[in-house]
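One structure below.
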Amino acid sequence: MIEAKSITKFFSVINEKGLAEGLTAVLNVSLTIQDGSIVTLLGPSGCGKSTFLEILAGLQAPTDGEIRIDGKRVLEPLPSTRKEMEAYKRRYRFISPLANGVFRDRPKHDIAMIFQDYAVFPWMTVIGNVNFALKLRSAGKEKLSRAERNERARHFLNRVGLGGAEYKYPSQLSGGMRQRLALARALSVEPKIILMDEPFAAVDALTREKLQDDLLRLWEETREREFPVIMVMVTHDVSEAVYLSDEVIVFSPSPGSIRNRIPIDIPRPRARTDPALIDIQDRIFGMFQYDLNQESDYSI
């Protein structure tokens with residue numbers, strides 16, 4: 001289970017006059033995400049969705065608040081006042097900066113992240129990309145042999161439809177195939193949580209729908225595990241969010257805070273043309289229209 005408690009993220013930025021000013025990207029966001037669920041963060045550009053996702057992943061520390069996974073804190077907020085800085089120094093005065101970075105701030109959970117630009121290594125083959133992830137994740141645990149890594153890599157490549165492409169390079173793959181590679185790499189390490197930032201934005205509409213269905217099929221398979229996978233996704237696509245999710249979290253315009261939480265209680269498998277799904281999409285479009293124009297043709 002993921003618990004976000006009063007997450008705020010403040011940045012100091014330089015304006016066009018060369019002066020420092022503040023920017024609040026995320027403001028007082030709290031939510032709980034249950035094991036085995038798919039949750040989508042939806043909202044206009046610049047509303048803090050991706051920033052919040054990176055805080056969930058432990059890639060950024062919040063300015064205030066905390067993220068806990070199964071009761072354990074992911075990263076501690078950095079001190080923002082002199083008083084907090086003094087308390088911070090006293091707490092960690094016996095820990096070297098190196099040890100502090102390695103142990104205190106080390107993510108404590110199996111989290112995989114899929115980015116919009118695939119984030120695959122162009123100099124590695126398809127199977128090399130998956131093998132690299134497996135090698136990193138097995139460090140410090142029961143290490144997998146090269147043969148075991150190859151076997152697992154091939155298994156997950158087959159699961160995403162990349163069997164036979166093991167020795168191609170990313171430049172030799174289509175956009176959809178590169179995104180399948182990113183998905184295979186994430187699934188191969190059997191994480192408890194998969195975080196996705198606009199994972200299907202760079203592919204055409206038909207490929208996007210196929211990848212959505214593949215994602216749902218693979219997620220359903222994880223529900224038989226002791227700890228079914230949590231998936232949290234950022235998207236701008238309202239129909240994608242409603243089709244995939246158990247719950248849609250609608251962010252307000254900047255600074256990002258939770259505007260609405262919309263449960264999607266329609267059983268799977270779902271049809272994209274289901275009137276109930278379309279009705280939810282229309283409600284969300286009505287919210288966006290209201291936020292932009294302060295008026296709506298739809299009852300919110």
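Contact order for the stretch 199-300, expressed relative to its length and based on alpha carbon pairs under 8 Å spaced 6+ residues apart, stands at 17 percent. The phi-based Karplus calculation (6.51 cos²θ - 1.76 cosθ + 1.60; θ = phi - 60°) puts the 3J(HN,Hα) values of the stretch 156-170 at 6, 5, 5, 5, 9, x, 10, x, x, 10, 4, 9, 7, 9, x Hz, whole numbers, x for Gly and Pro.
For the stretch 113-205, the fraction of C-alpha pairs more than 21 angstrom apart is 26%. When each of the peptides 261-270, 6-15 is scored by how many other beta carbons lie within 10 Å of its residues on average, the order from highest to lowest is 6-15, 261-270.
From most to least packed by mean Cβ count within 10 Å, the peptides 246-254, 229-237, 276-284 give 229-237, 246-254, 276-284. Need one word for the stretch 164-283: rounded, prolate or oblate. Basis is the Cα gyration tensor (sqrt eigenvalues a ≥ b ≥ c); a/c below 1.5 gives rounded, then a/b vs b/c decides. In terms of gyration-tensor shape, prolate.
Ranked by how many other Cβ atoms sit within 10 Å of their own Cβ, fewest first, the residues ILE2, ILE127 fall in the order ILE127, ILE2. Value of Rg to Rh for the stretch 210-274, rounded to two decimals, is 0.99; Kirkwood radius and Rg both from alpha-carbon coordinates. Close amide H partners of GLY43, meaning residues 5 or more places away or on another chain with modelled amide H under 5 Å apart, are THR235, PHE251.
Summary of the geometry: the stretch 153-197 and the stretch 1-48, compared by the centres of their Cα atoms, lie 29 Å apart.
Computed from the coordinates by the stated procedures, all read-outs in this text should not be read as laboratory data. Please read all numbers here as calculations on a predicted model, not as lab measurements. Quick reminder, even Gly has a Cβ in these numbers, built from the backbone with ideal geometry, and neighbours come from all protein chains shown.
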